[in-house]
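The values are calculated or read from the model by the stated rules, or taken from the named source; none is laboratory data. Remember, it's a predicted structure, so these values are computed and weren't measured experimentally. Ideal geometry is used to build each Cβ from the backbone, glycine not excepted, and the neighbour counts take in all protein chains shown.
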Amino acid sequence: MRVAVFGSQPYDTKFFDAANAQGGSPHELVYFETRLRAKTASLAAGFPVVCVFVNDEVDATTLKTLAANGTKLIALRCAGFNNVDLKTAEELGISVVRVPAYSPYATAEHTVGLILTLNRKLHKAYNRVREDNFTLNGLLGFDLHGSTVGVIGTGKIGMIFAQIMHGFGCHLLGYDAYPNDDFIKLGDARYVDLPELFSQSDIISLHCPLLPETHHIINQNAIAQMKRGVMLINTSRGPLVDTVSVIEGIKSGIIGYLGIDVYEQEEAFFFEDWSDEIIQDDTFQLLQSFQNVVITGHQAFFTQNALTAIAETTMANISEFEEGKPLTNEVKLPH
Ligand code: NAD
């Protein structure tokens with residue numbers, strides 16, 4: 001199949017070409033650095049398959065252009081599908097597939113990386129030692145052992161994260177729209193409602209999908225219920241967090257640490273080099289200026305294992321479509 005791969009980076013090319021070479025009948029992959037959006041959709045003319053990532057904008061206008069130019073399949077090379085207008089896709093007869101699981105370990109482990117960095121102030125310590133400053137003032141941390149960790153969303157990533165934190169000796173509080181027994185079985189873990197999770201947790205980590213009901217799940221009201229000095233971590237999706245309220249929470253001292261791999265308005269600049277430019281997002285720049293905030297640019301998924309799995313599943317998804325088989329990883333509108 002002819003596949004237009006949008007928003008492609010050198011690592012996408014490397015892992016996709018490798019996975020494509022493994023199959024019996026390789027697909028014709030054409031890489032576009034530009035992201036898919038209404039303005040760039042015409043580049044996909046003549047491509048029955050369009051492959052996209054988290055920040056491509058697969059909205060109604062984009063889908064209409066794609067459909068008019070012969071696209072039949074959107075192959076997401078990620079798990080989340082909040083950037084696709086599924087209703088319009090269905091109306092236009094465009095199927096949507098995704099990679100439901102690649103490496104939950106990658107994202108869970110990065111989450112723990114953010115926690116350790118913030119707690120033990122590794123970001124400051126790294127710079128200090130490079131300047132031959134070996135003082136410890138300002139680097140004081142706390143034992144994770146014995147602290148209470150609130151996990152919002154105990155699915156694949158949330159469960160691995162909970163297992164790791166259990167290994168540190170943390171008490172676990174979970175919140176999920178669909179609780180699962182495996183979380184309880186970890187030991188020292190129980191499901192609670194959100195107010196209890198907010199008020200009892202020393203660390204709160206988000207692992208639920210972005211849905212209308214989870215949009216701004218961390219808002220002014222939620223922050224008001226949290227322990228003073230709480231650590232908030234978001235490696236899931238930016239709009240789970242109301243950034244303006246979080247900034248107020250940091251300024252008032254309720255939020256003592258913030259670690260984010262995702263940001264509400266990340267589409268505007270993540271995955272691109274802005275080091276020679278002026279970023280115009282004042283909210284992001286203010287967030288960056290706080291010493292107790294660590295931001296990474298949507299890299300939690302970024303391990304060799306995950307990229308291999310993403311590429312292999314995407315190729316298999318496209319092959320199923322080409323062969324007219326049922327689509328194992330199809331994303332459908334709930335009816
Ligand atoms: P998953 O589907 O396995 O788990 C999501 C969990 O959230 C499920 O247990 C589900 O029941 C729960 N949930 C659904 N609605 C909820 C609600 N209203 N309130 C609370 N919980 C709710 O997904 P996953 O593979 O664990 O991924 C979780 C999220 O992580 C994804 O949605 C994606 O946004 C994000 N993610 C980020 C990266 C990254 O690189 N930063 C990588 C992969 C995934």
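Among the conditions (1) of a type in the set (S, T, N, Q); (2) in contact with a Ser or Thr (Cβ under 9 Å, 6 or more places away or on another chain); (3) at pLDDT 95 or above, residue 163 misses just one, which is (2). Within the stretch 196-251, being within 17 Å of residue 154 (Cα to Cα) and polar (S, T, N, Q) holds for 201, 205, 214, 234, 235, 236. The condition of being surrounded by 19 or more Cβ atoms within 10 Å (Cβ to Cβ), under 24 Å from residue 195 (Cα atoms) and touching a Phe, Trp or Tyr at 6+ places or on another chain (Cβ under 9 Å) holds for residue 232. If only residues of the stretch 249-283 that are small (Gly, Ala, Ser) and surrounded by fewer than 22 Cβ atoms within 10 Å (Cβ to Cβ) are counted, the one that is nearest to the chain's Cα centre (by Cα) is 268. Summed over the stretch 239-248, the residues that are more than 20 Å from the chain's Cα centre (by Cα) and over 20 Å from residue 123 (Cβ atoms) give a count of 2. Residue check: residue 2 meets all listed conditions (1) over 18 Å from residue 321 (Cβ atoms); (2) surrounded by fewer than 17 Cβ atoms within 10 Å (Cβ to Cβ) but one, namely (1). Inclusion of residue 71 among residues that are at pLDDT 95 or above and more than 29 Å from residue 235 (Cβ to Cβ) is warranted.
Determine, yes or no, whether residue 146 is over 20 Å from residue 295 (Cα atoms) and crowded, with 22+ Cβ neighbours inside 10 Å. The answer is no for residue 146. For the subset of the stretch 290-322 comprising residues that are among the polar types (S, T, N, Q) and more than 25 Å from residue 2 (Cα to Cα), which member is nearest to the ligand (Cβ to nearest atom)? Taking the candidates together, the pick is 299.
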